[in-house]
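Engineer: A single structure is presented below for examination.
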(Lines give C-alpha, C1' and ligand atoms only; values in the text may rest on other atoms or scores of the structure.)
Protein backbone atom coordinates (compact mmCIF):
# COMPACT_ATOMS: atom_id res chain seq x y z
CA UNK A 1 0.00 0.00 0.00
CA UNK A 2 1.03 3.62 -0.42
CA UNK A 3 3.19 5.18 2.27
CA UNK A 4 2.43 8.30 4.25
CA UNK A 5 3.37 11.06 1.81
CA UNK A 6 4.46 13.34 4.64
CA UNK A 7 7.28 10.92 5.48
CA UNK A 8 8.97 11.33 2.11
CA UNK A 9 11.66 14.05 1.83
CA UNK A 10 11.02 16.74 -0.78
CA UNK A 11 7.31 16.03 -1.21
CA UNK A 12 6.28 18.94 0.99
CA UNK A 13 7.26 21.23 -1.90
CA UNK A 14 4.34 19.94 -3.96
CA UNK A 15 0.59 20.34 -3.68
CA UNK A 16 -0.64 17.59 -1.35
CA UNK A 17 -3.20 16.23 -3.83
CA UNK A 18 -0.43 15.89 -6.44
CA UNK A 19 1.73 13.92 -4.01
CA UNK A 20 -1.14 11.55 -3.29
CA UNK A 21 -2.03 11.20 -6.97
CA UNK A 22 1.54 10.34 -7.94
CA UNK A 23 1.85 7.73 -5.18
CA UNK A 24 -1.49 6.19 -6.16
CA UNK A 25 -0.40 6.11 -9.82
CA UNK A 26 2.68 4.14 -8.85
CA UNK A 27 0.54 1.76 -6.78
CA UNK A 28 -1.94 1.27 -9.63
CA UNK A 29 0.73 0.61 -12.25
CA UNK A 30 2.57 -1.71 -9.86
CA UNK A 31 -0.67 -3.72 -9.52
CA UNK A 32 -0.96 -3.12 -5.79
CA UNK A 33 -4.68 -2.80 -6.50
CA UNK A 34 -6.51 -5.25 -8.75
CA UNK A 35 -8.90 -4.29 -11.53
CA UNK A 36 -12.35 -3.90 -10.00
CA UNK A 37 -11.08 -3.15 -6.49
CA UNK A 38 -13.07 -0.39 -4.80
CA UNK A 39 -11.13 2.57 -3.43
CA UNK A 40 -12.62 4.22 -0.37
CA UNK A 41 -11.76 7.89 0.03
CA UNK A 42 -11.83 7.85 3.84
CA UNK A 43 -9.59 4.76 4.03
CA UNK A 44 -6.98 6.31 1.72
CA UNK A 45 -7.09 9.53 3.75
CA UNK A 46 -6.34 7.54 6.93
CA UNK A 47 -3.53 5.70 5.16
CA UNK A 48 -1.88 8.96 4.08
CA UNK A 49 -2.76 10.66 7.38
CA UNK A 50 -4.47 13.56 5.61
CA UNK A 51 -7.97 14.99 5.28
CA UNK A 52 -10.30 13.64 2.60
CA UNK A 53 -10.16 16.83 0.48
CA UNK A 54 -6.74 16.23 -1.18
CA UNK A 55 -7.57 12.53 -1.61
CA UNK A 56 -10.82 13.49 -3.35
CA UNK A 57 -8.89 15.81 -5.70
CA UNK A 58 -6.28 13.12 -6.45
CA UNK A 59 -8.95 10.53 -7.19
CA UNK A 60 -10.81 12.96 -9.44
CA UNK A 61 -7.63 13.49 -11.47
CA UNK A 62 -7.01 9.74 -11.75
CA UNK A 63 -10.58 9.24 -12.99
CA UNK A 64 -9.93 11.89 -15.66
CA UNK A 65 -6.75 10.02 -16.60
CA UNK A 66 -8.86 6.83 -16.88
CA UNK A 67 -6.82 4.96 -14.29
CA UNK A 68 -9.91 4.78 -12.09
CA UNK A 69 -13.62 4.43 -12.90
CA UNK A 70 -16.49 6.22 -11.22
CA UNK A 71 -19.96 4.66 -11.24
CA UNK A 72 -23.00 6.12 -9.47
CA UNK A 73 -24.03 4.05 -6.41
CA UNK A 74 -20.87 1.95 -6.78
CA UNK A 75 -18.15 4.53 -6.21
CA UNK A 76 -14.54 4.50 -7.34
CA UNK A 77 -13.07 1.30 -8.72
CA UNK A 78 -9.73 0.38 -10.26
CA UNK A 79 -9.83 0.23 -14.03
CA UNK A 80 -8.21 -2.56 -16.00
CA UNK A 81 -5.10 -0.94 -17.46
CA UNK A 82 -2.90 -2.66 -20.02
CA UNK A 83 0.48 -2.10 -21.64
CA UNK A 84 -1.41 -1.08 -24.77
CA UNK A 85 -3.00 1.77 -22.79
CA UNK A 86 0.48 2.95 -21.77
CA UNK A 87 1.66 2.90 -25.39
CA UNK A 88 -1.33 5.01 -26.42
CA UNK A 89 -0.59 7.62 -23.75
CA UNK A 90 3.10 7.88 -24.59
CA UNK A 91 2.57 7.86 -28.35
CA UNK A 92 0.30 10.90 -28.02
CA UNK A 93 2.75 12.56 -25.64
CA UNK A 94 5.66 11.86 -28.00
CA UNK A 95 3.76 13.37 -30.94
CA UNK A 96 2.74 16.47 -28.99
CA UNK A 97 6.11 17.16 -27.36
CA UNK A 98 8.09 16.44 -30.51
CA UNK A 99 5.96 19.06 -32.26
CA UNK A 100 6.67 21.44 -29.36
CA UNK A 101 10.41 20.79 -29.71
CA UNK A 102 10.26 21.37 -33.46
CA UNK A 103 8.59 24.75 -32.95
CA UNK A 104 10.87 25.64 -30.04
CA UNK A 105 13.99 25.01 -32.16
CA UNK A 106 13.26 28.19 -34.12
CA UNK A 107 11.77 30.20 -31.24
CA UNK A 108 13.85 29.41 -28.18
CA UNK A 109 15.99 32.17 -26.68
CA UNK A 110 19.48 31.97 -25.21
CA UNK A 111 17.94 32.74 -21.82
CA UNK A 112 15.66 29.68 -22.16
CA UNK A 113 18.59 27.50 -23.25
CA UNK A 114 20.50 28.64 -20.16
CA UNK A 115 17.44 27.86 -18.04
CA UNK A 116 17.32 24.32 -19.47
CA UNK A 117 21.01 23.82 -18.67
CA UNK A 118 20.48 25.06 -15.10
CA UNK A 119 17.53 22.70 -14.59
CA UNK A 120 19.56 19.81 -16.04
CA UNK A 121 22.38 20.46 -13.55
CA UNK A 122 19.88 20.19 -10.69
CA UNK A 123 18.35 17.09 -12.25
CA UNK A 124 21.78 15.42 -12.45
CA UNK A 125 22.53 16.35 -8.84
CA UNK A 126 19.25 14.75 -7.71
CA UNK A 127 19.97 11.65 -9.81
CA UNK A 128 23.40 11.24 -8.18
CA UNK A 129 21.78 11.50 -4.74
CA UNK A 130 18.99 9.11 -5.76
CA UNK A 131 16.42 11.83 -5.05
CA UNK A 132 13.63 10.54 -7.30
CA UNK A 133 11.02 13.05 -6.16
CA UNK A 134 12.98 16.19 -7.00
CA UNK A 135 14.62 14.66 -10.08
CA UNK A 136 11.22 14.04 -11.63
CA UNK A 137 10.08 17.51 -10.55
CA UNK A 138 13.03 19.10 -12.39
CA UNK A 139 12.31 16.84 -15.34
CA UNK A 140 8.80 18.30 -15.57
CA UNK A 141 10.19 21.83 -15.32
CA UNK A 142 12.60 21.03 -18.17
CA UNK A 143 9.82 19.87 -20.48
CA UNK A 144 7.60 22.79 -19.47
CA UNK A 145 10.25 25.27 -20.64
CA UNK A 146 10.31 23.63 -24.07
CA UNK A 147 6.54 23.48 -24.38
CA UNK A 148 6.30 27.19 -23.52
CA UNK A 149 9.16 28.01 -25.89
CA UNK A 150 7.15 26.43 -28.71
CA UNK A 151 4.87 29.46 -28.51
CA UNK A 152 1.85 27.20 -29.12
CA UNK A 153 -0.73 27.72 -26.37
CA UNK A 154 -2.86 24.80 -27.53
CA UNK A 155 0.04 22.41 -26.95
CA UNK A 156 0.38 23.83 -23.45
CA UNK A 157 -3.32 23.33 -22.71
CA UNK A 158 -3.37 19.80 -24.13
CA UNK A 159 -0.28 18.81 -22.14
CA UNK A 160 -1.92 20.08 -18.94
CA UNK A 161 -5.30 18.51 -19.70
CA UNK A 162 -3.78 15.12 -20.53
CA UNK A 163 -1.72 15.17 -17.31
CA UNK A 164 1.57 14.50 -19.09
CA UNK A 165 3.51 15.83 -16.09
CA UNK A 166 2.02 13.03 -13.98
CA UNK A 167 2.95 10.40 -16.56
CA UNK A 168 6.44 11.90 -16.68
CA UNK A 169 6.74 11.51 -12.90
CA UNK A 170 5.62 7.89 -13.09
CA UNK A 171 7.98 6.92 -15.92
CA UNK A 172 10.82 8.54 -13.96
CA UNK A 173 9.94 6.79 -10.69
CA UNK A 174 9.16 3.37 -12.20
CA UNK A 175 11.88 2.56 -14.71
CA UNK A 176 14.54 0.01 -15.54
CA UNK A 177 16.86 2.81 -16.69
CA UNK A 178 19.72 4.25 -14.64
CA UNK A 179 18.61 7.60 -13.14
CA UNK A 180 21.87 9.35 -14.04
CA UNK A 181 21.55 8.19 -17.65
CA UNK A 182 17.93 9.39 -17.67
CA UNK A 183 19.10 12.87 -16.68
CA UNK A 184 22.04 12.91 -19.10
CA UNK A 185 19.77 12.09 -22.04
CA UNK A 186 18.35 15.61 -21.73
CA UNK A 187 21.68 16.96 -23.00
CA UNK A 188 20.76 15.69 -26.47
CA UNK A 189 17.53 17.70 -26.33
CA UNK A 190 19.38 20.90 -25.43
CA UNK A 191 21.88 20.32 -28.25
CA UNK A 192 19.09 19.75 -30.77
CA UNK A 193 17.36 22.98 -29.72
CA UNK A 194 20.58 24.96 -29.83
CA UNK A 195 21.16 23.72 -33.39
CA UNK A 196 18.01 25.51 -34.51
CA UNK A 197 17.09 22.47 -36.64
CA UNK A 198 13.35 21.70 -36.22
CA UNK A 199 13.60 18.20 -37.72
CA UNK A 200 16.49 17.24 -35.45
CA UNK A 201 14.72 18.59 -32.35
CA UNK A 202 11.53 16.74 -33.26
CA UNK A 203 13.37 13.45 -33.78
CA UNK A 204 15.39 13.73 -30.55
CA UNK A 205 12.34 14.55 -28.44
CA UNK A 206 10.27 11.72 -29.90
CA UNK A 207 13.06 9.23 -29.22
CA UNK A 208 13.44 10.62 -25.69
CA UNK A 209 9.75 10.16 -24.80
CA UNK A 210 9.44 6.69 -26.32
CA UNK A 211 12.58 5.44 -24.57
CA UNK A 212 11.00 6.55 -21.27
CA UNK A 213 8.03 4.35 -22.14
CA UNK A 214 10.33 1.39 -22.81
CA UNK A 215 11.98 1.81 -19.39
CA UNK A 216 8.58 1.97 -17.69
CA UNK A 217 7.16 -1.08 -19.47
CA UNK A 218 10.31 -3.13 -18.87
CA UNK A 219 10.25 -2.36 -15.14
CA UNK A 220 6.55 -3.22 -14.82
CA UNK A 221 7.05 -6.50 -16.70
CA UNK A 222 10.02 -7.41 -14.47
CA UNK A 223 7.97 -6.77 -11.33
CA UNK A 224 5.06 -8.76 -12.71
CA UNK A 225 7.34 -11.76 -13.36
CA UNK A 226 8.77 -11.53 -9.85
CA UNK A 227 5.27 -11.41 -8.40
CA UNK A 228 4.27 -14.50 -10.37
CA UNK A 229 7.35 -16.39 -9.13
CA UNK A 230 6.64 -15.44 -5.50
CA UNK A 231 3.07 -16.69 -5.82
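The values are calculated or read from the model by the stated rules, or taken from the named source; none is laboratory data. Computed from a prediction, not measured in an experiment: that's the story for all the values here. Every residue, glycine among them, receives a Cβ derived from its backbone with ideal geometry; neighbour counts consider all protein chains shown.
Engineer: Against the conditions (1) at pLDDT below 85; (2) at negative phi, where does residue 205 fall short? Just the number, please.
Structural biologist: Only one criterion is unmet by residue 205, namely (1).
Engineer: Still on this structure, please answer the following. Which residue is farthest from residue 89 (Cα to Cα), if the candidates are limited to the stretch 184-204 and must be part of a helix (DSSP H, G or I) and without any contact (Cβ under 8 Å) to a residue 60 or more places away in the chain? Give the derivation first.
Structural biologist: Narrowing the stretch 184-204 to residues part of a helix (DSSP H, G or I): 184, 186-195, 198-204.
Next, from what is left, pick out any that are without any contact (Cβ under 8 Å) to a residue 60 or more places away in the chain: 188, 191.
Values: 188: 23, 191: 26 Å.
In this case the residue turns out to be 191.
Engineer: Within the group 176, 207, which residue is surrounded by fewer than 17 Cβ atoms within 10 Å (Cβ to Cβ), outside any helix (DSSP H, G or I) and not assigned by TED's automatic domain parsing to the domain that holds residue 21?
Structural biologist: Details: 207 fails: outside any helix (DSSP H, G or I).
Only one candidate passes the filter, namely 176.
Engineer: Six or more apart or on different chains, Cβ atoms under 7 Å: show the pairs whose first residue is in the stretch 60-80 and under 14 Å from residue 20 (Cβ atoms) and whose second is part of a loop (DSSP other than H, G, I, E, B).
Structural biologist: Hits for this filter: 61/163; 65/163; 67/79; 67/81; 68/79.
Engineer: Hey, can you tell me all the residues within the stretch 114-166 that are part of a helix (DSSP H, G or I), surrounded by fewer than 17 Cβ atoms within 10 Å (Cβ to Cβ) and touching a residue at least 40 places away in the same chain (Cβ under 8 Å)?
Structural biologist: 117, 128, 158
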